[in-house]
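I have placed the structure first, in the form of structure tokens, so that the comments after it can refer back to it.
The values are calculated or read from the model by the stated rules, or taken from the named source; none is laboratory data. Just so it is clear, the model here is predicted, and its values are computed rather than measured. All Cβ positions, glycine included, derive from the backbone under ideal geometry; neighbour counts span all protein chains shown. Protein only, heavy atoms only, side chains kept; ligands, DNA and RNA dropped before computing areas. Shrake-Rupley method; radii C 1.70, N 1.55, O 1.52, S 1.80 Å.
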Amino acid sequence: MFDLPDDEILPLSREHVFWTWSAQAKVDPIAVKRAKGVYFWDVDDKRYLDFNSMTMCVNIGHGDERVIRAIQDQAAELAYAAPGMTTKIRALASKAVADVTPQGELSKVLFTLGGADANENAIKLARSYTGRHKILSRYRSYHGASAGAMAATGDPRRIAWEPNLMTGVVHFLDPYRYRSTFHRTNPDIPEEEFARDYVNHLEEIILYEGPESIAGILIESVTGTNGIIIPPQGYMQGLRALCDKYGILMIADEVMSGFGRTGKWFAVEHWDVVPDMITMAKGLTSAYAPLGAVAMKPKIAAAFDEHAFASGLTYTSHPISLAAALANINVMREDRLIEHAAGMGSVLRRMLTDLGESHPSIGEVRSIGLFGIIELVKDRKTKEPMAPWNESSSEMTVLKKYCMDHGLFLYTHWHTVLIIPPLIITEEQLKEGMDVLDKALEITDQAVK
Ligand SMILES: Cc1ncc(COP(=O)(O)O)c(C=O)c1O
């Protein structure tokens, strides 16, 4: 199609590419040549087991012919139509997304290009619908890199851009049991009481901020890069109740936790909670094409029946991306990938627990479905992390390098290792990755005090 010798890909990229999230002179990218299933290969034909689904997004795995064909067919039939028009694929894909929302209750869908603009639009919808201004979100969160989504983001990626971000965001604490501020002296508190404390903390903030000024509470249903923090029993229900009590919209950011990642279509289903809006991207197309979406309750859409929603995107409902989404959802159904992810989730949990028992540098493991994390510590008693807050450390760098050298592609974040493989992964493939990790952890074990 397009010709460039393999050995020229890196030099030409270095000359012309501007890299995101990176110091330009320090980037060391893998030149990827092809990918299939849970593996990808670089230009030297080195094979990597993909334990991060690339950017936590290739949920159905690489190179699925059914999705590729759908994209090709759609491009040949109709590559683009204007936002005010509709198409066969727009009608079908909107219905397919609505159908997978909890009990099909979020039946109106606004398509965006990715996760950040899904959150931007959810915030605009919440503000316009309620006539209120403030958005509450959590500290340990990432919601995207555009100005509004970055303002909602709680983690340090926000700080680089302050104060030039959207106003009106207030952050609150996450129910992070392993390092809970409120429970240092009573770590064994029953789960529902623990959840209640964090719901009470949120209610206190709502009251201080003035409930009548709060449009929405935006939360990752299961926190992603900030620690795979799984809500304790009662927490999501408590949040839902607070939203109902104060007329606030509950917005679940399922950009990372959606589309089978936790063993359900959306993570909120684990707690039988129906948010007012769900934002999604990543697994929506398994990254075969860029796409995000906001699914909302019909009452929110109906509020714009008589006056316009004052926003838009040239590429909303792009037919090629929608073809990828519809084919992706069909693949998930045909291959029963949600059920498979739930089953493999139990296998991953067992493997993580075993790893935790044999490595003193593991402070805690957490997982839900195929969404897992290892927290590395220098001291299990004090929980001193293997890398300081918002930094890396030589141990973490060496651990990551060992994995990459041994063909295991994964994501490390500060003192944590994330395990987020494609949902199609088998027990043997999980074990293949865990065996590499088992050896790599000998490096961090040496740093234990
Ligand atoms: C939970 C969450 N929300 C939003 C986003 C932003 O999505 P995007 O990078 O597609 O804009 C991400 C990206 O990692 C995410 O993990």
Filter the strands (runs of 3 or more DSSP E) completely within region 76-195 down to those with at least 2 residues that are touching a residue at least 60 places away in the same chain (Cβ under 8 Å) and within 19 Å of the chain's Cα centre (by Cα).
-> 108-112, 134-138
Name the residues in region 211-251 that are near the ligand (Cβ under 10 Å from one of its atoms) and either in contact with a helix residue (DSSP H, G or I) (Cβ under 7 Å, 6 or more places away or on another chain) or of a type in the set (A, V, I, L, M) (or both), would you?
-> L218, I219, S221, V222, G224
Out of all the residues in region 94-132, which are within 19 Å of Y315 (Cα to Cα) and touching a Pro at 6+ places or on another chain (Cβ under 9 Å)?
-> K108, L113, G114
If you check I9 against the conditions, is it surrounded by 13 or more Cβ atoms within 10 Å (Cβ to Cβ) and in contact with a strand residue (DSSP E or B) (Cβ under 6 Å, 6 or more places away or on another chain)?
-> no
Restricted to region 119-165 and to residues being β-branched (V, I, T) and more than 18 Å from P275 (Cβ to Cβ), the residue modelled with the highest pLDDT is T153
Which residue, of L106, L49, L92, L78, is modelled with pLDDT of 95 or more, more than 16 Å from the ligand (Cβ to nearest atom) and surrounded by 24 or more Cβ atoms within 10 Å (Cβ to Cβ)?
-> L106
All but one of (1) open to solvent by 60 Å² or more (accessible area, probe 1.4 Å); (2) more than 27 Å from G210 (Cα to Cα); (3) away from the ligand (no atom under 14 Å from the Cβ) hold for K124; which doesn't?
-> (2)
Look at W271 and say whether it is more than 14 Å from the ligand (Cβ to nearest atom) and under 17 Å from D99 (Cα atoms).
-> no
Answer residue from region 130-152, given it is surrounded by fewer than 21 Cβ atoms within 10 Å (Cβ to Cβ) and among the polar types (S, T, N, Q) and is nearest to the ligand (Cβ to nearest atom) among those | S146
Options D64, D44, D28: the member that is of a type in the set (D, E) and surrounded by 13 or more Cβ atoms within 10 Å (Cβ to Cβ) | D64
Report yes if some residue within region 298-312 is out of contact with any Cys (no Cβ under 6 Å at 6 or more places or on another chain), under 29 Å from I420 (Cβ atoms) and either free of Cβ contacts under 8 Å to residues at least 60 places away in the same chain or within 13 Å of the ligand (Cβ to nearest atom) (or both); otherwise report no.
-> no
